[in-house]
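Q: Have a look at this one before I ask anything.
The values are calculated or read from the model by the stated rules, or taken from the named source; none is laboratory data. Computed from a predicted structure; not experimentally measured. Neighbour counts run over all protein chains shown; Cβ positions are idealised from the backbone, glycine included. Surface accessibility is based on the protein's heavy atoms, side chains included, excluding ligands, DNA and RNA. Shrake-Rupley method; radii C 1.70, N 1.55, O 1.52, S 1.80 Å.
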Amino acid sequence: LKIIEVFHSIQGEGPSVGRRTLFIRLAKCNLRCTWCDTQYSWEDGYDYSIEDILKEIKKYNVHYVCITGGEPLLQKEEVKKIIEVLSKTKAIKDIEIETNGTIEVSSFVKYKKATISMDIKCPSSGIKNIKKTRYDNLKYLRTKDHVKFVIKDSTDYEFAREVLRKYIIKSEIIFQPVWGINPKWLTEHVLNDQLNVRVQLQTHKYIWGEEKGH
Ligand code: SF4
């Protein structure tokens, strides 16, 4: 398992916002989003074992683990092993897997403790990215999973709205403004268009700004 960092913080995004979390940031990414706030995760990383993860869980007394990146599913088999071990670990109630949506997720929906947070990349992230999204993933996602659009401008907003028109998505949908843009603009669009999505800001950045490790 190649990781970049393991840290204890609160979850800043998704349905578990505010929960104390052990974050496991896996190394490498297959995308290069223009506004990526974790470019340091593109590196090779260092070796880490599941035993090391269990030690951190004990040290911080957490019930919730978030596997993030980079793109964690580039190390799919290792992620499965982590989930299998954590599924049997009493202290752990929930596991979240954050993925950029370019790798299949169907083999992860069998894990009861794990939820999937799948991004659908919008044009502002880089035009090459949007062609890489695996829309076939959407049919596997459950109501407890969620799909996230990070939105920067009107082009992104229109793109996301079009995706919602085109696909049936059972899971919750999150519209998250890119850090630094006025969230009022996005919120008003969602209200005017009566979209059944959740507008969500990145809580950790309101607390710590762009400081690494939160
Ligand atoms: S998918 Fe995530 S880690 Fe990869 S470049 Fe995009 S924002 Fe950064």
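Q: Return an integer: the convex hull volume of the alpha-carbon atoms of region 1-40, in Å³ per residue.
A: Taking the convex hull of the Cα positions in region 1-40, it is 95 Å³ per residue.
Q: How big is the Cα convex hull of region 69-203 in projection, averaged over all directions, in nm²?
A: Projected over every direction and averaged, the Cα hull of region 69-203 covers 8.6 nm².
Q: Shifting gears a bit: With a ≥ b ≥ c taken as the square roots of the eigenvalues of the C-alpha gyration tensor of region 16-78, please select rounded if a/c is under 1.5 and otherwise prolate if a/b is larger than b/c or oblate if it is not? Walk me through the numbers on the way to the answer.
A: Numbers: a/c = 2.38, a/b = 1.46, b/c = 1.63.
Oblate, since a/c reaches 1.5 and b/c is not below a/b.
Q: Please work through the chain and write down the cysteines that have no neighbouring cysteine Cβ at a distance under 4.7 Å.
A: Singleton cysteines: 29, 66, 122.
Q: Rg and Dmax in Å for region 140-214, alpha carbons only: what are they?
A: Just the Cα atoms of region 140-214 yield Rg and Dmax of 13.3, 37 Å.
Q: Working with all protein chains in place, sort 53, 168 by solvent-accessible area computed with a 1.4 Å probe, largest first.
A: 168, 53
Q: Round to a whole number: what % of the accessible area of the chain belongs to carbon and sulfur, probe 1.4 Å? Could you put the intermediate results ahead of the total?
A: On the way: 5370 of 10400 Å².
Ligands and nucleic acids excluded, carbon and sulfur reach 52 percent.
Q: Just the number: Rg to Rh for region 54-124, Cα atoms, Kirkwood Rh, two decimals.
A: 0.99
Q: Accessible area per residue, 1.4 Å probe, Å², for region 121-210: what's the number?
A: 55 Å²
Q: Hey, could you get me the Stokes-Einstein D for region 5-162, Kirkwood radius over alpha-carbon pairs, 20 °C and 1.002 mPa s, rounded to whole µm² s⁻¹? Don't skip to the answer; put the middle values down first.
A: Details: Rh = 16.1 Å.
So the translational diffusion coefficient is about 133 µm²/s.
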